[in-house]
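The values are calculated or read from the model by the stated rules, or taken from the named source; none is laboratory data. Quantities reported herein were computed from a predicted structural model and do not represent experimental measurements. Glycine also receives a Cβ, built like all others from the backbone with ideal geometry; neighbour counts cover every protein chain displayed.
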Amino acid sequence: MSGIFLSYRRHDSAGWAGRLYEHLVREWGPDRVFIDIDAIAPGDDFREAIARTMHTCDVVIVVIGPNWISARDQAGNRRLDDESDTHRQEVAAALAAADVRVIPVLVGGASMPTLSELPGPLQELRYRNAAIIEDRRFGSDARDLLDALREFAENLAAQRADEEAKRAAEQQAAQRADEEAKRAAEQQAAQRAAEQQAAQRAVRDTAPQSAERLPPPSSPPREAVSWAGGPDIREQLGVSWGSRFGAALIDGMILAFLFVPAFGTGDVAVANVLAAVALAGWVAYKTVQDGSARGQTLGKRVLGIRVVDLRTGGPIGHPRAAVRALLLVALLFLCWLFLIVEFFRRNPQQLLHDSAVGSIIVKT
């Protein structure tokens, strides 16, 4: 039990309250029994001190003497009707607290007040069973009250122990639930990591052979073999100089056909304009055909080859196909140097204009 608070009216029952305080202190000690005349230090606000102490007590004993009902102030008004009366505030606060046991103790031959004698906030006191302490049997009556307080303290301790055990069990259950949720999350994360590793191993196991294992003369850079381009990528990568030259010859014939009008006029200026138009038309032809999903001009289609993206194996698209065609035109104006460089590079699958845009020629 946390503590016992003695509430009394000084001019009504100070002597009885003092004797009862002594009995209570012998049983529970001075730190657990509060009485205003001993516990409030000089200078303290007694209202605040009493309110703080009452919050720490489980039992409030209301000592009712023979003048408890009729006590009046200097103006002749009944003190119980004064809302600022300290004793009334103590009793009202105790009755309003749900977890405080209020015990009326009748002394000096006093009787329990009726409902009509009590102000509204104190009428609940009428329904609390009172203990009676007579002067001639003060010691034995006080011991009876202490026995009742011991029983209450034991029951209260058992109740609080049960509540504490229940709270501890709930906390442990919540902690176990948190730990299980954490373990489940860790297991799920580990499972996802294992699945990702297994997927990565499967990709590595099914990936095509690296570029180092391909024949050096016709092997493109290592990045080119990271995509799947057919049943066997080595077959797609085996493009010869003959197929490149044959495709170029057919596409060159188309260019020559476009130049026929330019050669048929005697006016140099008109011939230049027609030649420029023919060259632009040939670049447009290369852009549309090489940038398509098939990646094939007429020459490539006849020779069974196509142009693809070096990294993905997909179409290079029309913007890169246009750049590739323009670079090829520029290289054709430096024909002799272009042929020498390509001869030493020895890589018919990726000529200079292919390397510039990240494309490669493969078999269909």
*Quick one: which strands (runs of 3 or more DSSP E) lie wholly within segment 1-118 and hold at least 3 residues that are closer than 18 Å to A148 by Cβ?*
4-7, 59-64, 101-107
*Scanning segment 52-82 for residues that are farther than 19 Å from Y21 by Cα and of a type in the set (G, A, S), which turns out surrounded by the most Cβ atoms within 10 Å (Cβ to Cβ)?*
A71
*Working only within segment 133-145, note down all residues that are crowded, with 17+ Cβ neighbours inside 10 Å and either closer than 23 Å to M54 by Cα or of a type in the set (S, T, Y) (or both).*
A142, L145
*Could you check how many residues of segment 284-326 are surrounded by 18 or more Cβ atoms within 10 Å (Cβ to Cβ) and of a type in the set (S, T, Y)?*
2
*Mind listing just one residue for me: the one in segment 306-332 that is outside any loop (DSSP other than H, G, I, E, B), out of contact with any Ser or Thr (no Cβ under 6 Å at 6 or more places or on another chain) and small (G, A, S) and, of those, nearest to K286 (Cα to Cα)?*
G317
*Tell me, which residue of segment 21-46 that is among the acidic types (D, E) and modelled with pLDDT of 85 or more is nearest to F152 (Cα to Cα)?*
E27
*Would you pick out the residues in segment 1-58 that are without any contact (Cβ under 8 Å) to a residue 60 or more places away in the chain and of a type in the set (D, E)?*
D12, E22, D31, D36, D38, D44, D45, E48
